[in-house]
Amino acid sequence: RMRAFMERERAFGADMSHELRTALAVILSATEVLLDDNKLSDKQKARVQRIERAARDMAELGTALLLIAREDHAQPGGGCQVAAVIEEAVERQHHVLGSKPVAVDVQTDPALVIAADCGLVDILVSNLVRNAFSYTDAGSVTVHQDSRSLVISDTGRGIPGDAIDQAFLRHFRDISSSGAGIGLSLVKRICDRYGWLVRLESGEQQGTTVTVVFVR
């Protein structure tokens, strides 16, 4: 009975993944066509772009969860250049800043190549960058990566001291959060998968610094 239950769970996950990917592909194709329509007003284009970003975020989240669930990613065979992933993630998430007066400083070291799936590294970096951009209304966001670690700091709203210990729990949300609370939980799960150290330092209205140590 246990074996049959596990098979049903596996089949359900595979079927849902396929159906979800199909629906997201249709949504993304439709938004691409709409964005090419010159008849749309600026407000209409902004709404379509929001739909497109939400669909892409959902696709990325689904990919991350599937990669984490697959045991064969625990011992990756290839390598991932962290600097390339960071630069692409920062560029892709830049829209989150909008017109906010926030300076972004990115420094990377191309020499760091780690034994990990680049898809999971991208999910980790994208979530941390998106959080920093989302919760910083003014000031700066710094993304610094050296030969062994990644440090992302912001001058944003921060997290209350009594909530720090819960920040990596699934569905954690502080009072100022508008998300689903799964981002930092995913970051922690990815770090646990590869044995990386992740450290969070924050204070209410004092900004946040997240450090991920890849090489110890």
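Rule-based calculations on the coordinates, nothing more; no lab input. Since the model is a prediction, treat every value here as computed from it, not as a measurement.
When only C-alpha pairs under 8 Å and at least 6 residues apart count, what is the relative contact order of the chain, in percent?
Relative CO of the chain lands at 16 percent.
Considering amide H positions built from the backbone, and no H for Pro or chain starts, which residues 5 or more places from residue 106, or on another chain, come under 5 Å of its amide H?
Long-range HN contacts for residue 106: 143.
Explain nothing, just the number: relative contact order of the range 19-139, from Cα pairs under 8 Å at least 6 residues apart, as a whole percent.
So the answer I get is 28 percent.
Return the inverse of the average 1/r over all pairs of distinct C-alpha atoms in the chain, which is the Kirkwood hydrodynamic radius, in Å to one decimal. Before the final figure, lay out each step's value.
Values: mean 1/r = 0.0531 Å⁻¹.
Kirkwood hydrodynamic radius for the chain: 18.8 Å.
Inverting the mean 1/r over all pairs of different Cα atoms, compute the Kirkwood radius of the range 106-174 and quote it in Å.
Numbers: mean 1/r = 0.0729 Å⁻¹.
Roughly 13.7 Å, rounded to one decimal.
So if I take the centroid of the Cα atoms in the range 79-102 and the same for the range 140-162, what is the distance between those two points in Å?
14 Å
Looking only at the chain, where both bridge partners belong to it, what percent of the DSSP beta bridges are antiparallel (to the nearest 5)?
75 percent
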